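Each remark here refers to the structure printed beneath this line.
Please treat every number below as a calculation from the coordinates, not as lab data. Treat the numbers as computed from the prediction; the structure is a model and nothing was measured. Ideal geometry is used to build each Cβ from the backbone, glycine not excepted, and the neighbour counts take in all protein chains shown.
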Amino acid sequence: MNLHSTETGRPAGRFKTTPALLLAAILMLPASLPLQAGEVSGRSSASIAELALHERPATSASIRMKLHGIEDLRSKRNDSPLGSNSMDELKKQAQARYLAKKLKKDVAHVRPYVDLAWAEASRREFVDPELLIAIIQKESEFHPKAKSRYGAQGLMQVVRRWHHDKLHPSESLYDPVVNIRVGAEVLEEYLAQAGGDMNRALRKYSGNARGYVNTVLKETRALARIAEQAASTQG
């Protein structure tokens with residue numbers, strides 16, 4: 001075999017398999033070849049090759065799996081009913097039902113704020129979603145337009161003049177996304193100032209309101225129990 005290009009005289013290098021060559025090679029196989037382990041009965045070689053032609057370029061290993069009718073399930077491992085995303089969904093559903101019943105609200109009203117609390121907590125190391133939800137419940141009972149006579153606004157009752165450095169001028173504390181973000185940042189700041197003492201951080205957050213710390217921590221524990229119970233039913 002001539003190993004040099006007829007045009008350049010340079011070595012042609014390794015033979016490169018293309019989808020077209022792959023199709024041609026498969027179509028040349030005898031139709032009577034027995035199915036190998038892992039092949040799907042009833043699927044013709046031509047139809048499998050046609051599928052490979054329409055797929056994005058893949059590694060040789062994944063091409064082999066396609067040709068044998070085997071899907072690469074590695075990319076789907078998080079879609080398992082017992083995956084972390086599914087477990088989190090069960091927990092959020094249970095917490096939303098509990099809060100809706102307790103506050104006599106529709107689940108559809110409460111659920112978006114539960115989701116926002118979980119999303120915000122996932123970006124922070126020392127703040128759990130249950131803690132944020134408990135603070136929202138205590139501060140505003142899930143009323144995003146709540147306002148106090150001291151100027152505290154929104155779900156977590158943030159006072160803009162005290163925390164303007166955490167807000168863009170165009171942002172509104174009546175926006176639930178903004179409010180929960182800033183409230184979590186304030187809490188995290190107070191927690192750092194308190195050397196990790198959550199009781200002290202919550203006291204500062206509430207302005208030393210009587211019974212605030214116990215109420216919030218008790219509700220945090222209740223929400224955590226509800227989440228774990230919901231997850232355990234699927235264990």
* In order through the stretch 146-154: 3J(HN,Hα) via Karplus (6.51 cos²θ - 1.76 cosθ + 1.60), integer Hz, x for Gly, Pro -> 4, 8, 9, 5, 8, x, 6, 10, x
* Packing rank of 161-168, 142-149, where each peptide gets the mean count of other beta carbons within 10 Å, highest leading -> 142-149, 161-168
* Asked: If each residue's Cβ is checked for other Cβ atoms within 10 Å, how do LYS101, LYS138 rank with the fewest at the top?
  -> LYS101, LYS138
* **Amide proton proximity set for VAL158, modelled H, under 5 Å, gap of 5+** => GLN153
* Nonlocal amide H pairs with ALA194, under 5 Å, H built at 1.01 Å -> none
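Relative to the compact globular guide of 2.2 N^0.38 Å, what is the alpha carbon radius of gyration of the stretch 84-232, as a ratio?
Dividing the Cα radius of gyration by 2.2 N^0.38 Å gives 0.99.
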* **Cross-link pairs beyond the 20 Å C-alpha cut-off, checked among LYS104/LYS145; LYS101/LYS147; LYS92/LYS147; LYS102/LYS138** => LYS101/LYS147; LYS92/LYS147
* To do: Grab the Cα-Cα distance for ASP128 and GLU171, subtract it from 0.36 nm times how many residues apart they are, and report the gain in nm with one decimal.
  => 13.0 nm
* Those chymotrypsin sites (Phe, Trp or Tyr not before Pro) in the stretch 173-234 that DSSP places in a loop and that have at most 16 other beta carbons within 10 Å -> TYR174
* Structure fact -> The simple spin-label model distance between ARG149 and ASN208, using points 7 Å out along Cα→Cβ, in nm, is 2.0 nm
* Pop out the ³J(HN,Hα) list for the stretch 103-112 in order, Karplus 6.51 cos²θ - 1.76 cosθ + 1.60 with θ = phi - 60°, rounded to Hz; leave Gly and Pro as x. => 9, 6, 10, 6, 4, 5, 6, 7, 4, x
* **³J(HN,Hα), Karplus 6.51/-1.76/1.60, whole Hz, each residue of the stretch 223-228, x for Gly, Pro** => 5, 5, 5, 4, 5, 5
* Could you work out how far apart the two model spin labels at ARG160 and HIS109 are, taking each label as a point 7 Å from the Cα in the direction of the beta carbon, and quote it in nm? => 2.5 nm
